[in-house]
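Presented below is the structure to which this report refers.
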Amino acid sequence: MRLVVHRSQRDVAHAVAQRLVAELEGRPSLVLGLATGRTPIPIYQRLSALAGQGRVDFTRAATFNLDEFWRLPAEHPGSYRAFMARHLFGHVRIPPARIHFLDGMARDAAEECARYERAIAAAGGIDVQILGIGANGHIGFNEPAVALQARTHLATLKPQTRRANATFFGDDATAVPEQALSMGMATILQARSVVLIATGRGKGRAVERMVNGPLTTRLPASFLQVHHDVEVVLDEAAAERLTSAQRGRA
Ligand code: F6R
């Protein structure tokens with residue numbers, strides 16, 4: 001894992017956006033894995049601004065979002081499809097056919113998950129996967145458990161995760177769907193490179209365990225230790241619990 005620590009959340013966003021701009025310049029048909037949540041919003045804002053200035057081109061790229069709520073219509077403001085439209089896809093020129101989501105309204109969850117795995121493979125696999133991390137160490141909706149799912153699957157959300165997603169459900173955690181479709185651990189680990197972003201003190205403990213702790217299903221992000229190309233981009237608050245040598249690698 002390469003650790004990069006920036007002074008602020010804004011610096012994190014600029015650095016990650018810059019990396020994506022460079023990746024897209026090098027490979028215009030880049031296949032991106034994308035996350036929702038609060039952490040990547042400043043990155044998407046930065047990319048949207050750069051797109052407005054003609055400084056980044058998504059027209060040949062393809063995207064696959066990590067997850068989507070189960071049984072929530074795409075039009076609902078809390079859906080991840082709606083989130084991505086608000087924060088990125090509404091602001092950059094990318095052909096709709098190149099934007100991929102799990103369909104939370106699909107008839108059959110297992111079939112939908114298999115379809116998504118096939119679509120990722122047909123696109124040639126994910127080149128760069130952007131990840132956030134839950135305060136409990138989840139990635140995607142792979143929550144801490146005795147066993148993790150390898151492939152895209154229907155996941156049950158922890159109460160803590162539903163609370164963290166309550167914003168577009170009238171701040172009512174009980175209104176957040178209990179289940180979501182999510183890429184699995186192997187789906188994520190198959191990406192050619194991974195960029196995990198964490199900002200704020202609330203992520204400090206999970207980041208420390210992900211980097212220094214044992215590999216455990218109790219902290220799904222710890223599995224990133226076995227991936228050969230992971231960049232962990234942190235602000236100082238999220239890096240607080242790392243050793244000074246680790247923080248100094250920025
Ligand atoms: C979102 C996702 C989640 C989030 C994580 C952190 O697509 O897969 O794993 O990355 O819950 O969320 P934030 O950034 O809101 O703290």
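The values are calculated or read from the model by the stated rules, or taken from the named source; none is laboratory data. The shown structure was predicted, so the numbers you read here are calculated from the model rather than taken from an experiment. No Cβ is skipped: glycine too gets one built from the backbone with ideal geometry, and neighbour counts run over all protein chains shown. Accessible surface is based on the protein model in full, side chains and every heavy atom, while ligands, DNA and RNA are left aside. Shrake-Rupley method; radii C 1.70, N 1.55, O 1.52, S 1.80 Å.
Structural remarks
- Residues in segment 220-250 that are basic (Lys, Arg) and either in a helix (DSSP H, G or I) or in contact with a strand residue (DSSP E or B) (Cβ under 6 Å, 6 or more places away or on another chain) (or both): 247, 249.
Rundown of residues vs (1) touching a helix residue (DSSP H, G or I) at 6+ places or on another chain (Cβ under 9 Å); (2) under 25 Å from residue 189 (Cα atoms), yes/no style:
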{"position": "2", "(1), (2)": "no, yes"}
{"position": "7", "(1), (2)": "no, no"}
{"position": "20", "(1), (2)": "yes, yes"}
{"position": "24", "(1), (2)": "no, yes"}
{"position": "30", "(1), (2)": "yes, yes"}
{"position": "34", "(1), (2)": "yes, yes"}
{"position": "47", "(1), (2)": "yes, yes"}
{"position": "55", "(1), (2)": "yes, no"}
{"position": "58", "(1), (2)": "yes, yes"}
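- In segment 73-115, the residues that are buried (at least 21 other Cβ atoms within 10 Å of the Cβ) and more than 21 Å from residue 191 (Cβ to Cβ): 79, 104
- Segment 51-79, residues that are polar (S, T, N, Q) and within 16 Å of the ligand (Cβ to nearest atom): 63, 65, 79
- Neighbours by Cβ (under 6 Å, 6+ apart or cross-chain): first from segment 114-132, over 17 Å from residue 182 (Cβ atoms); second in a loop (DSSP other than H, G, I, E, B) and more than 16 Å from the ligand (Cβ to nearest atom): 127/30; 127/192
- Look at (1) touching a His at 6+ places or on another chain (Cβ under 6 Å); (2) at pLDDT below 95; (3) not β-branched (Val, Ile, Thr) and you find that residue 164 fails only one, number (1).
- Qualifying residue in segment 213-221 (condition: out of contact with any Ser or Thr (no Cβ under 8 Å at 6 or more places or on another chain), more than 23 Å from residue 23 (Cβ to Cβ) and open to solvent by 20 Å² or more (accessible area, probe 1.4 Å)): yes
- If the condition is being away from the ligand (no atom under 16 Å from the Cβ) and open to solvent by 30 Å² or more (accessible area, probe 1.4 Å), then segment 13-49 contributes 14, 15, 18, 19, 22, 23, 25, 26, 27, 28, 29, 49.
- Checked against (1) touching a Ser or Thr at 6+ places or on another chain (Cβ under 6 Å); (2) not in a loop (DSSP other than H, G, I, E, B), residue 168 passes all but condition (1).
- For segment 223-233, the count of residues that are open to solvent by 10 Å² or more (accessible area, probe 1.4 Å), of a type in the set (Phe, Trp, Tyr) and modelled with pLDDT of 95 or more is nonzero.
- Top-ranked residue in segment 147-173 [being closer than 13 Å to residue 78 by Cβ and open to solvent by 30 Å² or more (accessible area, probe 1.4 Å); ranked as nearest to the ligand (Cβ to nearest atom)]: 164
- Strands (runs of 3 or more DSSP E) fully within segment 54-131 counting 2 or more residues that are more than 17 Å from residue 38 (Cα to Cα): 62-65
- In segment 117-129, the residues that are surrounded by fewer than 24 Cβ atoms within 10 Å (Cβ to Cβ) and either within 16 Å of the ligand (Cβ to nearest atom) or on the phi > 0 side of the Ramachandran plot (or both): 120, 124, 125, 128
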